[in-house]
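Asks: This is the structure I have questions about; it appears just below.
Just so it is clear, none of the values below were taken in a lab; they were calculated from the coordinates. Because the structure is predicted, anything quoted here is derived from the model rather than measured. Note: ideal-geometry Cβ built from the backbone for every residue, glycine included; neighbour counts use all protein chains shown.
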There are 2 protein chains.
Amino acid sequence: MVIDCGHCPLRKRDVFEPLSDEEVEFMRRFKIGELKVDAGATVLMEGSNSPQLFSVLSGLGLRYKLLPNGRRQVVNFVFPGSFLGLQAGVMGEMKHSVEATSAMVLCVFNRTDLWNFFKLQPTRAYDLTWLAAMEEHFMGEALTSIGQMNAMQRMCWGLMRYATRCSDLGINDRDRYPFPFRQQDLADALGLSLVHTNKTLMKLREQGDLSLGDGVMVLHHPDRMKDRSLLPVGSPNRRPLI
Amino acid sequence: MVIDCGHCPLRKRDVFEPLSDEEVEFMRRFKIGELKVDAGATVLMEGSNSPQLFSVLSGLGLRYKLLPNGRRQVVNFVFPGSFLGLQAGVMGEMKHSVEATSAMVLCVFNRTDLWNFFKLQPTRAYDLTWLAAMEEHFMGEALTSIGQMNAMQRMCWGLMRYATRCSDLGINDRDRYPFPFRQQDLADALGLSLVHTNKTLMKLREQGDLSLGDGVMVLHHPDRMKDRSLLPVGSPNRRPLI
DNA sequence: CGGAAGCTTGACGTCTATCAAGATGTGTGG
DNA sequence: CCACACATCTTGATAGACGTCAAGCTTCCG
């Protein structure tokens, strides 16, 4: 019982550009199956050359790079609607790994069919470029955050950015957001040590701005956190869904 | 006397994917002129909505984001062959600024013609996506560097990455590389203060690994610097030229 | 019950930012 | 030609943010 692209639950969200009937039909042929993985699973591995591409239907995860000395940088979070494997599809191999931090359902595509986007479905190809440019933009924001902000600012910015993406997708309940990550994950994303991440979180808790634990984050004063962010956290208009 | 795409000097470099005659002809029609700017000029500004796209023919520059508090993050360096303005072309507006740090010559294109890539020239559209994915990759590397390395490691990694790109383009002379940047630019790129950047450079100079000044960088012991980099600095195979 | 994984807290050290001042070079105007 | 402002680089002193080390706590699971 694989979900038909015509009834893709993500398409209901209006963060995503609507698709024409023709495009939906094309995606239907492009999709070759679904992959369900448990929390903790590695979906794609750095250096690998997976013949498959994925689009996230549900679940959360993260992309990260490992360093020779064992450290790890989380380069960004993976949400429903994220497209995985483009790098391997276009360059030779994956330049980072992707891990599921909750159970996930992924649409599976054939990497070799990617070319059909460009040959047969220029609007979809355009969307692909759009997505790539958008990812680049997000990454530039993260770079700016890590390069120029102190721990508290990074934390507030990072969590607000995360909350905003959740809101776009409607996977939150008011101020309650799913948060299937360890503090270590957060630390690796923000370029902080685990201990300092913990202490920074504590401060936010003590001030009553935040609850975090058991897979859930609650923002009691999003306004205050936004003020501390330095970088404004905007919802980019719309994005394409692949 | 505008350079004809058929005789583009960059195409001689074998870092760039070769183009078919048809593609060259297409690019010729796409190109609407050339822009020459002096060192210090702002080519694109954050928040702007330029109707033009650019491809760098010669010269060096940098992309940066400004923060409300006046700080600045250099998100990457601009080399010959860099494509500028894709973000504005595909999202609504530029998310960073681009500044020329040396004199530059740019090919100018019409943003509204971008769609022709997808409609008429799928191989070129594919290359565009390729480029975007590659930029994303570079940015992920930089993020990892700033997030996980100390000052000396970042410096070595950053300079080696820079030198490698120069070598790919053949704009170096052995171990001598053009370097039209201030220490402040380097500092903003590495997420370090100006003072600490200066002192880190000093250490490299004292150890005889590096000369830097007057627009020129000389690497006397690239091997030693590579060792201190933590992240291996590889030349990615080939990239498309737009 | 023992062990592993994750969270929490305190103590300590150090890397890096900030402040301040001086040195050098370059361009402009008198 | 000199005086002056300005930009960039340099260097030392000081302080603080953040990393590292270490230990204890909880929860979960075999």
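Asks: In degrees from 0 to 90, rounded to the nearest 10, what is the angle of the helix A:122-148 Cα long axis to the longest principal axis of chain A?
Replies: For A:122-148 against chain A, the angle is about 20 degrees.
Asks: Another question about this same structure. I'd like the orientation of helix A:194-206 relative to chain A: the angle between its Cα long axis and the longest Cα principal axis, in ° from 0 to 90, rounded to 10.
Replies: Approximately 70 degrees, to the nearest ten.
Asks: With n ≥ 4 as the cut-off for DSSP H runs, can you work out [θ] at 222 nm for the protein assembly as shown, using -39500 (n - 2.57) per run divided by the number of residues, rounded to the nearest 500? Present the calculation step by step, with values, prior to reporting the outcome.
Replies: Working: 16 runs with 190 residues, N = 484.
So the calculated ellipticity at 222 nm is -12000 deg cm²/dmol.
Asks: How many times 2.2 N^0.38 Å is the alpha carbon radius of gyration of region B:78-134?
Replies: Numbers: Rg = 12.3 Å, N = 57, 2.2 N^0.38 = 10.2 Å.
Working it through for region B:78-134, the quotient is 1.20.
Asks: Can I ask one more? With a 10 Å cut-off between alpha carbons and a GNM built on chain A, which of A:Ile146, A:Ile171, A:Ile32 moves the most?
Replies: Looking only at A:Ile146, A:Ile171, A:Ile32, the biggest GNM fluctuation is shown by A:Ile32.
Asks: Sticking with this structure for a sec: For B:Lys95, what charge total do you get from the other residues with a beta carbon under 10 Å from its beta carbon, if Lys and Arg give +1 and Asp and Glu give -1?
Replies: Numbers: positive: B:Arg63, B:Lys65; negative: A:Glu136, A:Glu141, B:Glu46, B:Glu93.
Around B:Lys95, the surrounding residues sum to -2.
Asks: Along the positive direction of the dipole of region A:134-242 (beta-carbon charges: Lys, Arg +1; Asp, Glu -1; about the Cα centre), which of A:His137, A:Tyr177, A:Thr200 reaches farthest?
Replies: A:Thr200
Asks: Could you give each residue of region A:46-51 its phi-based ³J(HN,Hα) in whole Hz, using Karplus coefficients 6.51, -1.76, 1.60 with θ = phi - 60°, and x for Gly or Pro?
Replies: 3, x, 6, 9, 4, x
Asks: With an 8 Å cut-off on Cα pairs and a minimum separation of 6 or more residues, tell me the relative contact order of region B:149-227 in percent. Before the final figure, lay out the partial values.
Replies: On the way: 73 pairs, mean separation 27.0, N = 79.
Relative contact order, region B:149-227: 34 percent.
Asks: What is the sum of charges, Lys and Arg at +1 and Asp and Glu at -1, for the other residues whose Cβ falls under 11 Å from the Cβ of A:Phe54? Write down the numbers at each step before the final one.
Replies: Numbers: positive: A:Lys31, A:Arg111; negative: A:Glu34.
Charge balance in the 11 Å sphere: +1.
Asks: What value in Å³ per residue do you get for the convex hull of the alpha-carbon atoms in chain A? Mind showing how you got there, number by number?
Replies: Working: hull volume 30.2 nm³, N = 242.
Each residue corresponds to 125 Å³ of Cα convex hull volume.
Asks: Then there is this: What's the average, rounded to a whole number, of partner chain beta-carbon atoms within 10 Å of each residue's beta-carbon in B:145-152? Display every interim value, and only then the final one.
Replies: On the way: counts 7, 9, 18, 10, 5, 0, 0, 0.
Mean shielding count: 6.
Asks: Estimate the FRET efficiency between A:Ser167 and A:Val24 by the formula 1/(1 + (r/R0)^6), using the beta-carbon distance for r and 30 Å for R0, to the nearest 0.05. Don't jump to the answer; show the numbers that get you there.
Replies: Numbers: r = 26 Å, r/R0 = 0.86.
FRET efficiency, A:Ser167 to A:Val24: 0.70.
Asks: Between B:Asn198 and A:Asn69, what FRET efficiency comes out of the Förster formula 1/(1 + (r/R0)^6) with R0 = 30 Å and r the beta carbon distance, rounded to 0.05? Please report the intermediate quantities before stating the final value.
Replies: Values: r = 26 Å, r/R0 = 0.88.
Working from the Cβ atoms, E equals 0.70.
Asks: Another question, then. Report, in debye and to the nearest 20, how large the dipole of chain B comes out about its Cα centre when Lys and Arg carry +1 and Asp and Glu carry -1 on their Cβ. It would help to have the intermediate numbers written out before the result.
Replies: On the way: 29 positive and 27 negative charges, 96 e Å.
The dipole of chain B has a size of about 460 debye.
Asks: Under 1.5 on a/c is rounded, so check that first for the protein assembly as shown, then, if it is not, pick prolate when a/b is larger than b/c and oblate when it is not; a ≥ b ≥ c are the square roots of the alpha carbon gyration tensor eigenvalues. Working shown, then result.
Replies: Numbers: a/c = 1.68, a/b = 1.11, b/c = 1.51.
Oblate is the answer for the protein assembly as shown, as a/c is 1.5 or above yet b/c matches or exceeds a/b.
Asks: Grab every C-alpha pair in region A:143-227, bin the distances at 10 angstrom width from 0 up to the longest one, and report whole percents.
Replies: Over region A:143-227, the share of Cα pairs per 10 Å bin runs 18, 56, 26, 0 percent.
Asks: Going by a ≥ b ≥ c, the root eigenvalues of the Cα gyration tensor, does region A:1-95 fall in the rounded group (a/c under 1.5), the prolate group (a/b larger than b/c) or the oblate group? If you can, show how the numbers build up before the last one.
Replies: Numbers: a/c = 2.18, a/b = 1.85, b/c = 1.18.
Since a/c reaches 1.5 and a/b is larger than b/c, the shape of region A:1-95 is classed as prolate.
Asks: Taking 0.36 nm per residue of sequence separation and subtracting the Cα-Cα distance, how much length would be gained by fully extending the chain between A:Asp175 and A:Asp14, in nm to one decimal? Intermediate values should be presented prior to the final figure.
Replies: On the way: separation 161, 0.36 × 161 = 57.96 nm, distance 1.98 nm.
Additional length available on full extension: 56.0 nm.
Asks: Next question. Along the charge dipole of the protein assembly as shown, pointing to its positive end and built from +1/-1 on Cβ of Lys, Arg, Asp and Glu, which listed residue (B:Asn237, B:Asn69, A:Gly92) has its Cα farthest out?
Replies: B:Asn69
Asks: For A:Ser58, which sequence-distant residues (separation of 5 or more, or a different chain) have an amide H within less than 5 Å of its own amide H, given hydrogens modelled in the peptide plane?
Replies: Hits under the 5 Å cutoff: A:Val105.
Asks: Just to confirm a number: summing +1 for Lys and Arg and -1 for Asp and Glu over residues other than A:Gly158 whose beta-carbon lies under 13 angstrom from that of A:Gly158, what do you get?
Replies: Numbers: positive: A:Arg154, A:Arg161, A:Arg165, A:Lys226, A:Arg228; negative: A:Glu141, A:Asp185, A:Asp188.
Summing Lys/Arg as +1 and Asp/Glu as -1 gives +2.
Asks: Please compute, for peptide B:84-92, the average count of beta-carbon atoms on other protein chains lying within 10 Å of each residue's beta-carbon.
Replies: Values: counts 0, 0, 5, 6, 1, 3, 10, 8, 2.
Other-chain Cβ atoms within 10 Å of each residue's Cβ, averaged: 4.
Asks: Please compute the average number of Cβ atoms from other chains found within 10 Å of each residue's Cβ in peptide B:123-130.
Replies: Details: counts 3, 1, 8, 9, 2, 7, 14, 7.
Other-chain Cβ atoms within 10 Å of each residue's Cβ, averaged: 6.
Asks: May I pose another question? Output the pairs from A:Lys36/B:Lys95; B:Lys36/B:Lys95; A:Lys65/B:Lys65; B:Lys65/B:Lys199; A:Lys95/A:Lys226; A:Lys65/B:Lys119 with a Cα-Cα distance over 30 Å in this structure; if there are none, say none. Spell out each step's value before the answer.
Replies: Numbers: A:Lys36/B:Lys95 36 Å; B:Lys36/B:Lys95 23 Å; A:Lys65/B:Lys65 24 Å; B:Lys65/B:Lys199 25 Å; A:Lys95/A:Lys226 32 Å; A:Lys65/B:Lys119 36 Å.
Going by Cα-Cα distance, A:Lys36/B:Lys95; A:Lys95/A:Lys226; A:Lys65/B:Lys119 fall outside the 30 Å limit.
Asks: Over chain A, what relative contact order in percent results from Cα pairs under 8 Å that are six or more residues apart?
Replies: Numbers: 384 pairs, mean separation 54.8, N = 242.
Taking the mean separation of contacting Cα pairs over the length of chain A, I get 23 percent.
Asks: With +1 on the Cβ of every Lys and Arg and -1 on the Cβ of every Asp and Glu, and nothing else charged, how large is the dipole of the protein assembly as shown about its Cα centre, in debye rounded to the nearest 20?
Replies: On the way: 58 positive and 54 negative charges, 185 e Å.
In debye, rounded to 20, the protein assembly as shown gives about 880.
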